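Some notes on the structure that comes next.
The values are calculated or read from the model by the stated rules, or taken from the named source; none is laboratory data. All values reported here derive from a predicted model rather than from experimental measurement. Ideal geometry is used to build each Cβ from the backbone, glycine not excepted, and the neighbour counts take in all protein chains shown. Ligands, DNA and RNA are excluded from the accessible area calculation, which covers all protein heavy atoms including side chains. Shrake-Rupley method; radii C 1.70, N 1.55, O 1.52, S 1.80 Å.
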Amino acid sequence: MYRGFWPTLSIINVRVVAARYGERRARTMLASIKGFWKACRYGDLYMVLAALAAQSINISVGFCQGFSAVLLPQYTHEHPSISYEQSSWIASLGVISNPVGALLGGMMVDALGRRLLLQSIVLPNLIGWLVIAFSETYVFLCVGRFITGFTIGMSTASYIYVAEITTPEKRGVLSALGPGLVSTGIFVVYSLGAFIHWRRVAAICAAVSLLTPFLMYFVPESPLWLASKGQMKEAYNAMFWLRQNNNTAQQELMEFTKDRKLDESMTFKQKLGLFKRRSVLKPFVLLIIFFAFQEMSGIYVILYYAVDFFKSVGTSVNEFTASIIVGGVRVFMGAVGACLINSFRRKTLAAASGLLLGVAMLGAAVCDSLNGPPLIKLACVLLHVSFSMVGFLQLPWIMSGELYPQDIRGVMSGATSCCAYVLIFVNIKTYPQLENLLTSNGTLYLFAICAILGAAYCFLFLPETKGKTLTEIMRQFDDEKKEADPEAGYGKQTSLEGKPVQRRHSAGAAVSLEKSKEFAKQWVQGKSDMSNHRE
């Protein structure tokens with residue numbers, strides 16, 4: 001009777017322990033799922049998804065920038081009669097329309113909105129790639145390159161959108177996704193061009209151009225742009241979607257709109273006066289000089305003339321293989337740069353990046369002068385590309401969406417990008433003549449010297465933006481801090497005791513304790529609509 005009792009009891013105990021263990025494990029898994037859902041719902045997931053959707057346009061930018069490197073070798077092989085001058089026009093026509101696109105985009109981004117502009121970029125992008133894919137003559141090929149260049153110029157709206165929807169802590173890494181995705185597009189087009197015909201590559205680029213308008217359909221417009229247009233209900237809905245928290249959404253919109261002066265109350269002369277402020281002119285000059293050093297460091301020459309550049313430098317590796325390696329290095333180092341941008345100060349990162357890429361290019365020049373091993377020259381060029389991706393390449397583009405006041409951020413960002421693209425065009429167009437004048441070895445020395453001088457400039461003059469709100473960034477450029485600047489969206493705030501009182505938030509606006517009558521009217525009108533979304 002008792003002989004079979006203990007085995008039965010043991011089996012029951014094992015089953016009870018297993019059931020309790022399974023229950024604890026199930027509870028742990030359930031808690032993990034709830035925690036993940038809570039993080040997705042109340043964390044930064046929606047903000048990250050919106051930033052990724054906007055930055056996806058930079059994949060097409062990478063296609064446009066890298067396409068000439070695979071087009072020129074194949075096209076000159078098919079048409080041996082093409083001159084050196086005509087080849088340089090094929091490469092540079094993808095850049096000459098960038099300034100026009102940047103100016104148009106800068107004006108349209110404030111009038112139409114960030115989201116709609118990013119969706120409309122598909123039109124010139126798609127048309128341009130189709131013209132290239134079906135071109136039968138040299139002229140049509142140049143026309144297609146010119147049209148696709150508009151995409152590059154107008155794409156800077158993505159940096160404005162990301163700067164306005166993100167928190168100060170996440171703004172750096174999410175903005176750095178842009179150059180990283182540009183590198184991804186370059187790597188893809190280099191890889192495709194090594195194996196398939198350039199017409200098919202153009203057709204693939206045309207298909208990918210539909211990605212951004214599709215993704216942007218699911219994300220909201222910039223809440224700050226909506227609020228600046230007086231659309232408070234839409235602004236709240238957009239902010240609620242991004243933050244997934246009612247209190248946070250209301251607080252951030254209240255902070256942004258309390259001290260903001262409506263554009264309708266300003267005269268035309270006053271609006272023109274906005275462009276004469278120190279907070280506009282000084283960052284514009286600083287960024288243009290930064291861009292000048294960037295272009296003369298050889299970053300875009302290697303990008304647009306990758307295959308021909310490696311052929312002229314004389315590496316032992318096949319030119320197409322070397323270009324694919326460069327594209328892969330850019331993608332990897334772009335990811336590294338996105339991680340570093342949240343760990344180091346902008347000034348330190350830019351200076352260190354410029355110095356290292358200058359030293360790497362100097363090593364390639366010295367190796368070329370001494371007729372050293374070709375692999376060492378290739379390694380130095382790859383180091384130059386690697387170091388450029390951790391600060392010197394992406395920072396001026398990121399900062400063009402950070403340094404300007406909210407009221408004219410779109411226009412000034414477009415103007416800055418326009419000047420930068422003019423510099424790129426001059427650099428790309430004159431490179432063949434420069435190489436003939438200085439030889440390939442002389443151009444390497446020139447690139448190295450300009451990169452080192454650019455590093456010194458960044459260390460001495462570049463403003464710091466890491467971890468700062470947009471308002472704090474703008475305050476660095478003001479001589480007078482005593483009076484409020486309603487157009488810039490900030491001012492000197494005082495409490496009852498007369499001490500400054502401010503709060504930090506993702507838009508970078510300073511919170512005033514005084515409630516303006518204009519804001520009160522707007523808020524009361526939209527308050528009933530907001531209550532429907534309360535948690």
Q: Compute the length gained on full extension between T137 and L49: take 0.36 nm times their separation in residues and subtract their Cα-Cα distance, giving the result in nm to one decimal.
A: 27.5 nm
Q) How big is the accessible area of W225 in square angstrom, nearest 10, if you roll a 1.4 angstrom probe over the protein chains? A) 20
Q: Tabulate in residue order the Karplus-calculated ³J(HN,Hα) for segment 178-191, using 6.51 cos²θ - 1.76 cosθ + 1.60 with θ = phi - 60°, rounded to whole Hz; enter x for Gly and Pro.
A: x, x, x, 6, 4, 4, 4, x, 5, 4, 5, 6, 4, 5
Q | Of all accessible heavy-atom area on segment 310-444, the percent that carbon and sulfur account for (1.4 Å) | A | 74
Q. Taking the alpha carbon gyration tensor of segment 360-465, what are the square roots of 5 times its eigenvalues, largest first, to the nearest whole Å?
A. 32, 17, 11
Q: Determine ³J(HN,Hα), in whole Hz, for all residues of segment 143-158 in sequence, where each value follows from phi through the Karplus function 6.51 cos²θ - 1.76 cosθ + 1.60 and θ = phi - 60°; x replaces Gly and Pro.
A: 4, x, 5, 5, 5, 5, x, 4, 4, 4, x, 7, 5, 5, 4, 5
**Q.** Environment charge of S413, counting only residues whose C-beta is closer than 12 Å and scoring Lys/Arg +1, Asp/Glu -1
**A.** -1
(Q) Rounded to whole Å, give me the distance from the Cα center of segment 54-71 to that of segment 350-405. (A) 20
(Q) I'd like the per residue volume of the convex hull spanned by the Cα atoms of segment 56-136, given in cubic angstrom. (A) 90
Q: Starting from the eigenvalues of the Cα gyration tensor, five times each then square-rooted, give me the equivalent ellipsoid semi-axes of segment 139-261, largest first, whole Å.
A: 37, 15, 13
Q. Ignoring any ligand, DNA or RNA, what whole percent of the accessible area of segment 59-169 comes from carbon and sulfur when the probe is 1.4 angstrom?
A. 76
Q | Protein-only accessible surface order, largest first, of F134, F447 at 1.4 Å | A | F134, F447
Q: Report the full-extension gain for the segment L375 to T321: residue separation times 0.36 nm, less the Cα-Cα distance, to one decimal in nm.
A: 18.1 nm
